[in-house]
Amino acid sequence: MVFPLIGPLKLAHHIGPLTLPTCTPLSRMFHPIKYPRLLQPTYYCYCHFPHLLLTFLYRSALVLDRIGSLMEEYDALLPKVPAMVTVDRKPILDAALNKLSLVIEKQETSRLGTREFVSTIVVGGFLNKETLALENRTFHGCHAETEDLAMTSVYDVVLGYLQTTNMIIVQDINRDALVKTQKELFAANTWSMLFESTLAVASKKIAERDSLAAKLSASIQQVCCEHHARLPIDAFSYMGPDGKEQVHLAYTGPASPSTSLDILAKMVIDVYDHLQLYPAAGVSQR
């Protein structure tokens with residue numbers, strides 16, 4: 001039997017369910033073949049190769065049909081990409097120029113190569129603020145592959161100029177969303193500038209405090225190293241892990257000082273210990 005060249009699913013419907021033949025002496029020469037578990041439980045049988053091929057095609061067609069159904073169901077759940085709607089710039093430009101009493105004096109498109117065009121528009125009626133005379137202004141578009149794209153490009157340039165100079169506001173469907181976004185951006189920039197200014201002032205104050213702490217710590221170290229023999233203070237220098245010279249100061253008097261020198265020595269060491277809590281100030285660590 002010869003089957004026509006049709007798709008797997010049509011082939012499966014054409015031949016219908018297959019009934020495997022009874023094992024023949026010739027088929028006993030083959031080893032048992034384990035069918036793939038597609039839509040029915042796995043089973044073993046002896047069969048000829050043509051029947052195996054047809055069975056595989058039949059079940060593959062059923063699986064592909066089921067996969068196609070699932071893809072259609074899942075496709076309805078997937079987010080859709082919005083369609084791009086392109087609005088012709090020419091009517092918008094004409095409305096803007098008419099509103100501002102401006103006119104197009106000249107427009108032309110030049111061919112620069114095989115598929116390269118550039119358009120130019122001369123718009124008249126702009127007021128010169130210095131001479132109070134009307135003047136023309138020339139606008140050039142970007143290079144494009146077609147004349148229409150080149151002309152659209154120069155339309156965008158003119159509309160962009162009119163909007164940038166606050167001569168027009170294009171009230172389109174996105175205008176409200178644009179204004180809302182601009183307000184949010186302005187508020188965010190304002191808070192950012194205020195925060196940056198506050199941070200700069202705070203950083204300056206911290207730097208000044210760290211500098212004073214470093215100077216005070218160095219003065220205490222110098223005094224203690226020079227007069228530790230007269231005070232109950234242990235002072236000596238050593239090399240720290242970073243290779244820099246460190247100074248160790250410790251109070252060696254009674255826990256409850258009674259004399260003026262003991263009280264003074266303990267207060268100086270307490271101040272020095274407090275200064276060691278500011279490593280960012282450049283204070284040497286013990």
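Over 27 Å between Cα atoms: which of Lys99/Lys180; Lys215/Lys266; Lys180/Lys204; Lys106/Lys129; Lys205/Lys266 fall into that group? Pairs exceeding 27 Å: Lys180/Lys204; Lys205/Lys266. Classify the range 152-286 as rounded, prolate or oblate from the Cα gyration tensor: take a ≥ b ≥ c as the square roots of its eigenvalues, call it rounded if a/c is under 1.5, otherwise prolate when a/b beats b/c and oblate if not. Judged from the Cα gyration tensor, the range 152-286 comes out prolate (a/c at least 1.5, a/b above b/c).
Fully extending the segment from Leu264 to Thr138 would add 37.0 nm, taking 0.36 nm per residue of separation and subtracting the current Cα-Cα distance.
Projection of the Cα convex hull of the range 105-198, averaged over all directions and equal to a quarter of that hull's surface, yields 9.9 nm².
Bear in mind these aren't lab numbers, they're just calculated from the coordinates by the rules spelled out. Quick caveat: nothing in here was measured; it's all calculated off a predicted structure.
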